[in-house]
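Nothing in this text is a laboratory measurement; each read-out follows from the coordinates by a stated rule. Note that this is a predicted model, so its numbers are computed, not measured. We place every Cβ from the backbone using ideal geometry, glycine too, and count neighbours over all the protein chains shown.
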Amino acid sequence: MAYLPLVSRFKFVFYCVLIFTPLLGFSQESEQDTDSITPPEINPYLTDVPFLSNLEKGIFWIRNLEAHQSENEEQNEGDSPTAINYFNFNPVVSLTSTNYFHENILDDYISLFAVFKSDIENEHSVFELQTRKQTVSITTQNIITDEAIAFEKAKPKQGMLLYYMTGLDGVLGSNALSLEGLLELSQGDSEKHQLMELILIPKLIHSRERAMIESYLSIKYGISLVGERSYINSSKDTVWDYKQQEGFNNEITGIGRDDLIGLYQKQSGNSSKNGLYIGLENIEESNRSNTSVLPNESFLLWGNNNKSTLLQDDNGIERMERVWKTQKTTSFAADTLTLQLLIEKEEFFTTSIKTDKGTHPSPEEGDALPKKLWLVTQSNYNETFDFDTATYIKQSEELEGRIYFDTVQWFDEHTYFTFISAPDFFVDSQIGNPLCSGDDRSPVTINTIGGKAPYQIRVSQDTSTTLYYSDTETYTLDLKTGTYSVTVTDASLNTFEMELIVGGEPDISIELEEIWELEAASVTIMPTITCDNCDPETLTYEWFFNQKSVGQSSELTAYEAGDYSLAVTTSEGCTTTLPFQVKSSALILEGVTLHPNPITSNQSFALQFDLDTENDVHIKIFTPSGQLVKEASLPNIKEGVYTDSLTTSGSYFVVVEADQTTRTFKLIVK
C-alpha cells in the first residue's frame, strides 16, 4: 500500500527539459541544466511522422521528460536538479528566464495544443505568437487576434487544454513563441500557474489527428474534453464513445498506454478535483513511481452521470445518486487488470451527509466515516442501480483522510459502479412488485453482505414474530401489505436491523364516461388513469369493440356505435377492465341501412332510406386514415336507394349526414 499527498501539491527533485523533436516520441539524449537550455534548430527535411500525414517539417514540443524516464536512470554529472510540481501525477515544465522565448519556430499555418493552469481572477497573458506583422495573444480568458475569442466552458484554475489552429501573417524573417506571461505568473506562485505541455505543429491538421492529440493530453493530465467528444488512440480506434456512453459523459478520466504518441498513464484523477482516483495496482506519488505494467494500446476510461455524491440514509444504508461507467479497451486477459481506487474525502464529499438521525457535516481530513465505505459494481445498468445483483467491495483501509480499495478487478468491457456507506455486516433489501394474487402479497429479497452463513431472519409485525433460516446470502420472503421489523443475525452473531414497509398489489383506477356519442364521423375516447403501487409509465392498454381488439394506445378514436371496453394491465400482469358504450346521436337516420356488406371490388352496395320525414342527405366515404374517397348529395329524400361501388379493396367508413346529425357505417371491400 502506498500513501501520497495527492494531486499537484508535492515537489520532487528532477530536471525540467524543453525539447524539440520531429516525432511525438521520447528524447534519448541526456538532460541539461535548465539554465543552459537554448532553443534547438528546426529540421526542415524530416517527414517520417507515423501519426501525422503530409508533414514536411518537425514539430515543436515542450514537456517535462521526467514522466518517461525509467526508475534506474541516473542523473548525469553536471546536471543541476530543479524542484518541480506535479499535475495529475505528471511533472510540469519549469519555466526559467532562459527557456521561455523561442525564435523562428512558427510557420504560415500552425496547429497549437497547450495544457496549462492559471489560478488568477483577472485576465492575464499566458503566451504569445509573434511575427513581423501580427501578435496572437493567449490569455487566461481569451485568444486575442483582431478580436477576442473567449474560451467556452474552460476553467484555467483547474487546468485547461487549449487547441488553436490558424494562419499567420509575416512569419518569414522573424517570428517567436513567447511564454513570458506564464513565466511571470509562475514566478509569483509556481503551484497556481503551470505549463504542463505545449505542441506546435507547422500545418493545419485533420480532425482525427486533432482528436488523437487531444485524447492523449486529456488522459495524461485528467482534463476532460469539452462537449460531445469521443476519445481515440494513435491507431484511430475509439477508446471512449460518447454516443455509447450517453448519460455518463461527465468528468471523463482515464489511464492508458499508447507508445506511438508517448502516453503511459498508470493512475489518474480528474482536474475538477472530484475526489476519485484510479490506478494500476497501487497509486503512487507520481505516475513514474508506479512500476505496474500496462500493455500497449490498453485503456480504461470512466465518466459519471453528474449526480450528487451526497450520502442519504436508506434503511440503515447510506446511498448516493452518482453512478460511474467505465470503458475498457485492451487485448490482455481481463483478470490481469488489477486496480486500486482511492477516495480523497475532502474533495469527494462536498456536501453534508444525511442520515435517519439527522444531518452531520461531511467528513474532514482525518475523520472516519460513520460507517465503512463500500464500492458497489455491476455489469448491467438500466437507469437505476440494481443492488440485488451487484458486487460489494469493502474499503481496504482509511488513512489520513483517504479511503483505499485494493485489488479491484473489473472483467467486463463496461462496468458501472457507485459507493455506499454501511457497517461491516449489513442487509440490502429489495421489495418487489406486488403479486396479482388478490391477497396483497409482495416478494421481499434479503441480501446479506459481509456476514457468515447460516443466517437467522426474525420478522416481527405487531405482536407476531416469525423466524426464517438461510444457508445462503440471499433469501426471499413473501410478505403481506404492512410494516415489519426485521433483524438478521449471522453465524458470528453480527446483527443488522431494518424496517420494511410492504405495499399492496396494484390498484388501477380508470375514469371513463359510460356513454360516448358520435357527434360527427368519429369520437375520441380519452380515459384518466391512476395507479397505486405501480409505475404508470409501465401500463399497457387494449381496446375492444364487440369483443374484438381494435387498439393498443392510451386513446381510441371510435367510428361506430356499439359496445366497447378498455383493459389496463400493469407490468406484473394485473388487469383492470372497464366497459362503455358509443351511441349515435343521429336518431333521424335510424331508418338508413347499408347492404350488402362486405362486398367485392366494383360490386355495388346500396344505402336504403326509410326516413320519417324528408331531409337533405349528404353522403361521404372515407378511408380509415381520413381520406375522402367519394361524396354525394340527395335532396328532399324520405324513401329511396343510393347505390355506388368501390374499386380498391379495404375498409371504408360511409358517413350519412342529415339535419346536423350523422350516422357512420363500416364497409368492407374484399
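Taking the three principal axes of the alpha carbon atoms in segment 196-258, the coordinate ranges are 37, 24, 22 Å, sorted in descending order.
In a shell of Cβ-Cβ distance under 13 Å around Gly170, excluding Gly170 itself, what net charge do Lys and Arg (+1) and Asp and Glu (-1) give?
Working: positive: Arg132, Lys133; negative: Asp107, Asp108, Asp169.
Here the charged neighbours net out to -1.
Cα centroid separation, segment 96-130 to segment 436-482: 66 Å.
Cross-link reach is defined here as a Cα-Cα straight distance under 21 Å, omitting same-chain residues fewer than 8 places apart; for Lys203 the lysines meeting it are Lys57, Lys133, Lys236. Here the gap between Glu511 and Asp471, fully extended at 0.36 nm per residue and compared with their Cα-Cα distance, gives a gain of 9.5 nm. Taking each of Lys630/Lys670; Lys394/Lys480; Lys117/Lys273; Lys157/Lys220; Lys266/Lys372 in turn, the alpha-carbon distance tops 23 angstrom for Lys394/Lys480; Lys266/Lys372.
Would you please classify the overall shape of segment 585-646 from the alpha carbon gyration tensor, given that a ≥ b ≥ c denote the square roots of the eigenvalues, rounded means a/c under 1.5, and beyond that prolate means a/b larger than b/c while oblate covers the rest? Note, shape of segment 585-646 comes out prolate.
Once you sort the root eigenvalues of the Cα gyration tensor of segment 241-301 as a ≥ b ≥ c, which label holds: rounded (a/c under 1.5), prolate (a/b larger than b/c) or oblate (the other case)? Note, shape of segment 241-301 comes out oblate. Spin-label model, Lys670/Ser549: points 7 Å from Cα along the beta carbon direction are separated by 2.4 nm.
Applying 1/(1 + (r/R0)^6) with R0 = 56 Å to the Cβ-Cβ distance of Thr291 and Gln461 gives a FRET efficiency near 0.45. Our estimate of slack between Met165 and Ser649, defined as 0.36 nm per intervening residue step minus the Cα-Cα distance, is 167.8 nm. Summing Cβ point charges (Lys, Arg +1; Asp, Glu -1) relative to the Cα centre of segment 511-629 gives a dipole of roughly 520 debye.
Pull out a ≥ b ≥ c, the square roots of the eigenvalues of the alpha-carbon gyration tensor of segment 435-531, then state rounded if a/c is under 1.5, prolate if not and a/b is larger than b/c, and oblate in the remaining case.
It comes out prolate by the Cα gyration axes.
Here the 3J(HN,Hα) profile of segment 474-480, calculated from phi with Karplus coefficients 6.51, -1.76 and 1.60 at θ = phi - 60°, is 10, 9, 10, 9, 10, 10, 6 Hz, Gly and Pro shown as x. Note on segment 546-620: Rg/Rh from Cα positions, Kirkwood definition for Rh, rounded to two decimals, is 1.11.
The stretch between Asp119 and Glu631 holds 176.5 nm of extra length on full extension. This uses 0.36 nm per residue minus the Cα-Cα distance.
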